[in-house]
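Have a look at the structure below, then the notes.
Nothing in this text is a laboratory measurement; each read-out follows from the coordinates by a stated rule. It should be emphasised that the depicted structure is a prediction, and the values quoted were computed from it without experimental measurement. We place every Cβ from the backbone using ideal geometry, glycine too, and count neighbours over all the protein chains shown.
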Amino acid sequence: MSGTKQYTTVDTREFRRTMGLFATGVTVLAVATDDDEIIGMTANAVTSVSLEPTLILVCVGKEANISRPLLEAPGFTLSFLSETQEALSNYFAGFWNDEIPPPAFEFVQWEGGPLLAGAIGAVGCRRYEVYEGGDHWIVLGEVTHVYRADDNARPLLFFRGEYRALAEDD
């Protein structure tokens, strides 16, 4: 394979619609600043990468408010949202009507970092590596802590541009 990059012309709207066919969970990425402020952002471009070492990746737009703090902080957390936290997903995605008070939420201190209360699970990470990925940063984190809530908790899912729920168990 040559070192020359080749680009194809793909309609970005069609690309986004096609990728929307890949169902994902929904997380809130959080990072604590030097001033102990916690900045959060909804993220669903998340995947596990490796077991040895335990690595996870999250993709963040370079223009996102969280980008600079994320690149400066030694670590971050990903809190996995439950199906009851749709409003929080919208809030942290910036899709909140400012005329309505934001949904109640709390970040609790946990040994892994800021944990969003009510999350069904979370990982605390040490920033491992950062790569450029077009208009996004690809951030690898080495998982240093894990949290799991009640095993009966149900995840918030995203598919075709909408929130979805798992079918009820029979």
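Charges at C-beta only: +1 for Lys and Arg, -1 for Asp and Glu. How large is the resulting dipole of the chain about its Cα centre, in Debye rounded to 20?
Dipole about the Cα centre, nearest 20: 640 debye.
Expressed as a rounded percentage, what relative contact order does segment 70-123 have, with Cα pairs under 8 Å and six or more residues apart?
Worked out over segment 70-123, it gives 49 percent.
Please compute the contact order of segment 1-90 in relative form: average sequence separation of alpha-carbon pairs under 8 Å and at least six residues apart, divided by the residue count, as a percent.
30
With a cut-off of 8 Å between alpha carbons and a minimum separation of six or more residues, what is the relative contact order of the chain in percent?
26
Among ALA87, ASN152, THR47, whose Cα projects farthest towards the positive end of the dipole of the chain, with charges put on the beta-carbon of Lys, Arg (+1) and Asp, Glu (-1)?
Result: THR47.
List the residues, sorted by chain then number, that are 5 or more residues from VAL26 or on another chain and whose placed amide H is less than 5 Å from its amide H.
LEU81, LEU156
Apply the Karplus parameterisation 6.51 cos²θ - 1.76 cosθ + 1.60, with θ equal to phi minus 60°, to every residue of segment 35-50 and state each ³J(HN,Hα) to the nearest whole Hz, in sequence, with x for glycine and proline.
8, 6, 7, 9, 10, x, 8, 5, 9, 10, 8, 9, 7, 6, 10, 8
May I ask you to list the GluC sites (Glu not before Pro) in segment 81-144 that are in a DSSP loop and have at most 12 other Cβ atoms within 10 Å of their Cβ?
GLU99, GLU106, GLU111
Starting from 0 in steps of 10 Å, tell me what percent of the Cα-Cα pairs of the chain lands in each bin.
Spelled out per bin, shortest first, that is 9, 35, 37, 15, 4, 0.
Using the count of nearby Cβ atoms within 10 Å as a rough guide to exposure, how do VAL146, VAL31, VAL130 rank from fewest to most?
By the 10 Å Cβ count, ascending, the order reads VAL146, VAL130, VAL31.
Give a quick list of chymotrypsin sites (Phe, Trp or Tyr not before Pro) in segment 82-170 that DSSP marks as loop, anything other than H, G, I, E or B, with at most 11 other Cβ atoms within 10 Å.
PHE95
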